[in-house]
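The numbers here are math on the coordinates, done by the rules we state, and not lab data. Everything numeric in this text was worked out from a predicted model, so none of it was measured. Using ideal geometry, Cβ is built from the backbone for each residue, glycine included, and neighbour counts are taken over all protein chains shown.
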Amino acid sequence: MGFAKAFLFSMLALVGINFIFTIIYFAFGPGFNILIFNIQTYPLMIFYYLFGSIISYPHIIFEWTIAQPFFGGFDLPDLILGIGYLVASIIAAILAGKFGESKGQCFSGWLLTAVISTVLVIIGVLFSNFFKNELSIVYGWASTIDVLLINIIISCAINILFYGFFAVLISKTEYY
């Protein structure tokens, strides 16, 4: 039961926080009409809006949130999106750690959340050229499908390990 709670709460937190910060990003940035147009015209973009934090390397998120305001030009929408991606993954991992009954269940709950999120993003990349082009523009990855898939899978693995640390750190102590 602990594994199921760890997975469900981490998935709900990841989706919910990503959704909230995406709405805030579009409110301060491009505008809601672009969000609505993208969802109506390219429905698979909803996967990017709900699970975008899982395909972002942690160092890119830190660059958006920490380095960019000090060393680059200040861009409020990018700062909001970076904070949202960082907070969504950390809170999802912490909730997985809080509701799992052992360290293995906590880490596995976060792992399953990350893998399912990555699979949904890969589905979006495979079936939507706009999705693929958007990832190429946002992250600077080459627009060929194989390079995008490799980057997404590597990003998932890094996020599993990086944020999985928070899940294991928060988990209940096991005494043997």
Dimensions in Å of the chain - Rg and Dmax from alpha carbons: 16.3, 57
Of the DSSP H helices in the chain, those whose Cα atoms cover at least 18 Å axially and whose Kyte score averages 1.0 or more: 2-28, 76-99, 103-127, 145-170
Relative contact order of the chain, defined on C-alpha pairs under 8 angstrom at six or more residues apart (%): 34 percent
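Calculated from DSSP H runs of 4 or more alone, at -39500 (n - 2.57) each and per residue, what is the 222 nm mean residue ellipticity of the chain, nearest 500?
For the chain, the value works out to -26000 deg cm²/dmol.
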GNM top mover of 53, 89, 136 - the chain, alpha-carbon springs below 10 Å: 136
Ordering of 35-44, 108-117, 77-86 by packing [mean C-beta count within 10 Å, highest first]: 108-117, 77-86, 35-44
The chain: most fluctuating residue of 94, 20, 160 per GNM, C-alpha cutoff 10 Å: 20
Compactness index (Cα Rg / 2.2 N^0.38 Å), region 80-134: 1.40
Highest-fluctuation residue, 73, 31, 104 considered, GNM on the chain with Cα pairs under 10 Å: 73
